Amino acid sequence: MKLIFLGAPGAGKGTIAAAVGKAQGMPQVSTGDLFREAVKNGTELGLRVKGIMERGELVPDELTIALVRERLGRRDTAGGYILDGFPRTIPQAEALAAFQRIDGVINFLCSEQVVVRRLSGRRVCRACGAIYHVENMPPHREGVCDRCGGELYIRDDDRLESIRNRLRVYREQTEPLIGYYRSRGLLHDIDSAGNVEDSLVQLKPLLQNLQQGT
Ligand code: AP5
Ligand code: MG
């Protein structure tokens, strides 16, 4: 199954993609994670995208499309994958359609008030990328990852100014993808404002239907 997770920053794409990916044995392909990895490793790509990400703007389409094309060319994605945070612009969606047939797009719906609260309290493991929230999903020991013992940190773009910019960029450049995929009969909405279990309960029948169709 080839899926896209679409939604505003903080809507829960990464949290749910990690859970579904693990349960179904599907790789989670997060462009945000791939860019953060490049920044951490100080690669040429990382140096180019660092400032863009900190400001909450989008990385240019050519760079992003090339990254995804390379990632989806690897063996582990042959049987399916979850694209988390890609595409984010109409040109990215068109580039993807030229080389992949997507089975479904899950649209995570969540108010801006909720996403601001979620992003302001998010903590991420520096070692394994596990996602926590200081109130909703706290680790057992403050600042320490339950899964691997790694250090939890605050993403550079989870400052209020950057969050506001990411929401504006989402409205202007990514929201048009809702109509794009709806008109192609691929879009499935879920209400992601509740807890993780609420989202998983809504997703289950959708994924079963999509699986039968593949
Ligand atoms: P990216 O990493 O994709 O960030 P984003 O889209 O802004 O989304 P987030 O990761 O912030 O939110 P999420 O929906 O994954 O929420 P999460 O599950 O973590 O992109 C970062 C940057 O990279 C971009 O700004 C851009 O610069 C660049 N980039 C990436 N892709 C690009 C592309 N295609 N084109 C161009 N540039 C690109 O949850 C958030 C918090 O809420 C967590 O603390 C979590 O614990 C909590 N939470 C989650 N779900 C729930 C729930 N159901 N109930 C309670 N709390 C919850
Ligand atoms: Mg994410």
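The values are calculated or read from the model by the stated rules, or taken from the named source; none is laboratory data. Please read these numbers as outputs of a predicted model, since none were measured by experiment. Positions of Cβ are backbone-derived with ideal geometry, glycine not excepted, and every protein chain shown enters the neighbour counts. Each accessible area value is taken on the protein alone, full model and side chains, heavy atoms only, with ligands, DNA and RNA left out. Shrake-Rupley method; radii C 1.70, N 1.55, O 1.52, S 1.80 Å.
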Multiply the residue gap between E151 and R69 by 0.36 nm, knock off their C-alpha separation, and tell me the result in nm, one decimal place. 26.4 nm
Area accessible to solvent at M1, 1.4 Å probe radius, in Å²: 30 Å²
Among all the lysines, which ones have a C-alpha under 21 Å from K50's C-alpha, if same-chain residues fewer than 8 places away are not counted? K40
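Out of the GluC sites (Glu not before Pro) in the stretch 139-195, which ones are loop residues according to DSSP with at most 11 other C-beta atoms within 10 Å?
Working: sites: E142, E151, E161, E172; in loops: E142.
Here the sparse-neighbourhood loop sites are E142.
When DSSP assigns beta bridges and you keep just the ones with both residues in the chain, what percent turn out antiparallel, to the nearest 5?
Numbers: 7 of 24 bridges.
Rounded to the nearest five, the antiparallel share is 30 percent.
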Aspartates and glutamates with Cα under 13 Å of K2, excluding same-chain neighbours fewer than 8 positions away: D76, D84, D103
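Heavy-atom accessible area per residue, the stretch 1-122, 1.4 Å probe: how many Å²? Before the final figure, lay out each step's value.
Numbers: 5360 Å² over 122 residues.
So the stretch 1-122 comes to 44 Å² accessible per residue, rounded to a whole number.
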So the compactness index of the chain, its C-alpha Rg divided by 2.2 N^0.38 Å, takes the value 0.97
Whole-Å distance linking the alpha carbon centroid of the stretch 161-214 with that of the stretch 65-79 is 22 Å
Give me the percent of accessible area attributable to carbon and sulfur for the stretch 32-170, probe 1.4 angstrom. 50 percent
What number, in percent, do you get for the relative contact order of the chain if the mean sequence gap of Cα pairs under 8 Å and at least 6 apart is divided by its residue count? 30 percent
Under the rule rounded for a/c under 1.5, else prolate if a/b exceeds b/c, else oblate, using alpha carbon gyration tensor axes a ≥ b ≥ c, the stretch 2-119 is classed as rounded
